[in-house]
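Below is one structure; the comments refer to it alone.
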Amino acid sequence: MTHAETLASCLLEGDVDKAWACIRNYPETARPAIYHNLLTPAMRHIGHLWETNEITVADEHLATATCDFVLSKLSFNRRKDSTAGKAMLLCLDGEQHYLGLKMADSLFQEQGWETRYFGPSLPLEYALQTAESWKPDVIGLSVSIVYHLPKLKEYTEAFSQLPGSPTVLIGGRLTGMYDLRPYGSANTVILQDLPETERWIQNYATGGQQSGTINPTPSPSVLES
Ligand code: B12
């Protein structure tokens, strides 16, 4: 059994203590590595068990709730001097998959950013209201379900009209699977995973970030699939 599969079984039991012990026994200790190499594959494994009817919807919900708790426990403690920039992180309207977004939020905080993390499903009008008053440097969007993609275009277009032109980051399960560039606008950057996100944040700190500098390796367009 891999570490991720062991963690998946602890999450499926809803056993926070066992899940925590499994994370502590993992050889890598940096938060991004734990997110990327352990928690993400564990949740994806749970998705596979669900898809193949080896677990029930209730099992999957319990695992999700346990993972969420563990993530809160792992989250970086917000620094008082969060001056690197301001990022708001949200899921498209209707999008319920927020665990990855929560990990991205933690990475921004760890790199000294002030963040506002909105969890699942934030309608565009409310996202715009906050963006207009809070004036973030970055807006991070998460998308996991293909039928939410038309909304992605609406969001990126609306955000590209904002004063101050915040950089719009697109993340989530679909970025590693499809070419999402047709759903972006000016100032959109597509990030495939957390290591790429971490590099992007570090690059931003050194003044190297420009909109659209990071593009995904070409992959089939979702429109063609
Ligand atoms: C848990 C789960 C749920 C939970 C979500 C709870 C939650 N709080 O997130 C619930 C029960 C709500 C759910 C519902 C549904 N789900 Co679901 N779900 C999953 C599952 C098992 C795990 C998701 C997860 O947490 N993955 C781990 C995270 C960490 O990975 P990630 O999201 O890709 O994020 C990583 C990166 O993408 C990145 N990232 C993510 N966001 C962002 C944002 C930014 C800005 C950045 C920089 C980076 C970034 O960081 C993360 C770190 O590695 C997946 C299986 C899978 N393969 O992922 C299915 C899965 C995604 N779900 C699926 C489906 C079908 C559904 C439903 C339609 C089921 C239904 N019939 O109701 C609904 C749709 C709900 C909706 N409207 O959104 C399918 C999608 C298949 C498809 N072809 O589209 C999957 C693949 C399961 C499967 N194998 O069938 N689901």
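Before moving on, here are some points about what is shown:
- Two-decimal Rg/Rh across region 38-98, once Rg and the Kirkwood Rh are taken from alpha-carbon atoms: 1.09
- Cross-link reach list, lysines versus Lys86, counting only Cα pairs under 17 Å and skipping chain neighbours closer than eight places: Lys102, Lys135
- Per the Cα gyration tensor, the chain maps to an equivalent ellipsoid with semi-axes of 29, 21, 16 Å, ordered largest to smallest.
- A straight Cα-to-Cα reach below 13 Å connects Lys73 with the aspartates and glutamates Asp17, residues fewer than 8 places away in its own chain not being considered.
- P(r) tail fraction, region 54-151 - alpha-carbon pairs more than 23 Å apart, %: 31 percent
- The dipole here belongs to region 1-147: it is taken about the Cα centre, uses +1 on the Cβ of Lys and Arg and -1 on the Cβ of Asp and Glu, and is about 620 debye.
- Unit charges on C-beta of K, R, D, E only; dipole of region 3-74, Debye: 360 debye
- For region 56-158, with +1 on Lys and Arg beta carbons and -1 on Asp and Glu, the positive-most of Thr56, Phe76, Tyr126 along the dipole: Phe76
- Region 115-184, dipole about Cα centre (Lys/Arg Cβ +1, Asp/Glu Cβ -1), debye to the nearest 20: 160 debye
- Ordering of 124-135, 158-169, 180-191 by packing [mean C-beta count within 10 Å, highest first]: 180-191, 158-169, 124-135
- Approximate shape of region 1-63 as ellipsoid semi-axes (Cα gyration tensor, √5λ), whole Å, largest first: 20, 12, 9
- Spatial separation of Cα centroids for region 159-197 and region 1-78, in angstrom: 26 Å
- Working note: 222 nm ellipticity from helices only, DSSP H runs with n ≥ 4, each -39,500 (n - 2.57), summed and divided by the residues of the chain, gives -13500 deg cm²/dmol to the nearest 500.
- Zone of Ala58's modelled label, taken as backbone nitrogen in region 1-30 under 20 Å from a point 7 Å along Cα→Cβ: 9-16
- Val189 long-range amide H proximity, modeled H, under 5 Å: Val168, Leu169, Ile170, Gly212
- Helix runs (DSSP H) in the chain reaching 24 Å along axis by Cα, Kyte-Doolittle at least 0.5: 57-74
Read-outs throughout are calculated quantities, based only on the coordinates presented, and are distinct from any laboratory measurement. Just so we're clear, the structure is a prediction, and the values are computed from it rather than from any experiment. Neighbour counts run over all protein chains shown; Cβ positions are idealised from the backbone, glycine included.
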